[in-house]
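Some notes on the structure that comes next.
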Amino acid sequence: MSARVRLGVNIDHVATVRNARGGIHPDPVRAAEMALKAGADGITAHLREDRRHITDPDIEHLTALCRTAGKPLNLEMAVTDEMLAIALRHAPHAVCLVPERREEITTEGGLDVARLQGRVAPVVQQLSGAGSRVSLFIEPAESQVRAAHALGAAVVEFHTGRYCHVQRDEALAEMERLKAAASLAHGLGLEVHAGHGLDYGSARAVVAAIPEVVELNIGHFLIGEAIFTGLESAIATMADAIRQGERDRT
Ligand code: PXP
């Protein structure tokens with residue numbers, strides 16, 4: 001398990017800033033192009049039901065950009081008929097199914113695939129049939145991992161928000177949960193990704209502690225950091241943190 005860990009850059013919050021003024025600047029597609037030039041391994045974008053940041057034309061342009069660049073686009077979306085139709089139309093490299101509540105500020109927890117198996121199963125099937133790799137954004141819990149496996153998903157992305165937001169002993173306990181869940185998922189043949197709330201330090205720690213992780217998806221911290229250091233520098237520093245985490249494994 002010494003594969004190089006990929007960095008997926010989530011550019012949602014470039015669109016958040018653009019939409020604050022209702023215009024066309026800053027353009028998340030330009031940010032995606034810069035991110036790829038700066039070393040991002042792929043682009044992640046969440047088309048929310050309320051279109052608060054990424055819009056339908058953004059997805060169209062991001063699909064075209066990633067195809068031209070030969071890099072993966074990871075479309076995050078809720079399990080709804082509308083989103084399924086959009087994903088089937090674009091057939092991105094990957095689709096990550098996430099929970100979505102309109103009132104939430106960000107994706108607050110994992111998708112409860114253990115409870116929602118009946119609803120999620122046909123969506124996983126159709127997306128996989130259309131050639132997209134389906135990832136399920138879940139909590140690091142045995143029941144969720146087993147359900148994801150039963151659903152036939154290719155990938156699980158573990159929600160690291162709790163690990164990133166709690167302190168000391170709680171963070172250690174959460175890391176143990178992440179490690180156990182990643183080991184179980186890997187043993188079942190699922191590819192393991194992680195994301196939410198990660199910064200330079202927590203990304204390095206997650207990579208170091210969980211050798212099963214092969215991809216991180218990171219947005220808010222990178223876009224925030226870009227204000228101070230520029231997007232290219234933020235992405236290069238994150239890539240260095242990930243490389244450090246890989247070295248810490250040995
Ligand atoms: N992965 C998933 C599935 C997400 O929903 C998000 C947030 O949109 C992220 C990763 C990135 O989280 P953050 O913006 O906190 O880095």
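The values are calculated or read from the model by the stated rules, or taken from the named source; none is laboratory data. Because the structure is predicted, anything quoted here is derived from the model rather than measured. Cβ coordinates were reconstructed from backbone atoms using ideal geometry, including for glycine residues, and neighbour counts include every protein chain displayed.
Things worth noting here:
- Filter result for Asp240 (among the acidic types (Asp, Glu) and within 16 Å of the ligand (Cβ to nearest atom)): no
- Segment 121-157, subset under 15 Å from Gly195 (Cα atoms) and of a type in the set (D, E, K, R), residue surrounded by the fewest Cβ atoms within 10 Å (Cβ to Cβ): Glu139
- Leu111 at pLDDT 95 or above and assigned to a loop (DSSP other than H, G, I, E, B): yes
- A count restricted to segment 72-108 and to residues that are assigned to a helix (DSSP H, G or I) and either under 14 Å from the mean Cα position of the chain (by Cα) or not charged (D, E, K, R) (or both) stands at 7.
- Selection within segment 141-179 - more than 17 Å from the chain's Cα centre (by Cα) and touching a residue at least 40 places away in the same chain (Cβ under 8 Å): Ala141, Glu142, Arg146, His149
- The condition (being surrounded by 23 or more Cβ atoms within 10 Å (Cβ to Cβ) and of a type in the set (D, E, K, R)) is satisfied by just one residue among Glu215, Glu191, Glu174: Glu215.
- Checked against the criterion of being at pLDDT 95 or above, within 15 Å of the ligand (Cβ to nearest atom), in contact with a His (Cβ under 9 Å, 6 or more places away or on another chain) and of a type in the set (S, T, N, Q), segment 49-65 has no qualifying residue.
- Boolean, Ala45 is in contact with a Ser or Thr (Cβ under 9 Å, 6 or more places away or on another chain), free of Cβ contacts under 8 Å to residues at least 60 places away in the same chain and within 13 Å of the ligand (Cβ to nearest atom): no
- Segment 219-237, subset among the aliphatic types (A, V, I, L, M) and out of contact with any Phe, Trp or Tyr (no Cβ under 9 Å at 6 or more places or on another chain), residue farthest from the ligand (Cβ to nearest atom): Ala236
- From the list Asp58, Asp27, the one residue that fits, being crowded, with 16+ Cβ neighbours inside 10 Å and either in contact (Cβ under 8 Å) with a residue 40 or more places away in the chain or within 17 Å of the chain's Cα centre (by Cα) (or both), is Asp58.
- Members of segment 127-159 that are closer than 23 Å to Lys71 by Cβ, of a type outside the set (A, V, I, L, M, F, W, C), in contact with a strand residue (DSSP E or B) (Cβ under 8 Å, 6 or more places away or on another chain) and more than 13 Å from the ligand (Cβ to nearest atom): Ser128, Ser132, Arg133
- Among (1) surrounded by fewer than 23 Cβ atoms within 10 Å (Cβ to Cβ); (2) outside any helix (DSSP H, G or I) - the single one Ala20 does not satisfy: (2)
- Test: Val113 is touching a helix residue (DSSP H, G or I) at 6+ places or on another chain (Cβ under 8 Å), among the β-branched types (Val, Ile, Thr), surrounded by 13 or more Cβ atoms within 10 Å (Cβ to Cβ) and touching a residue at least 24 places away in the same chain (Cβ under 8 Å): yes
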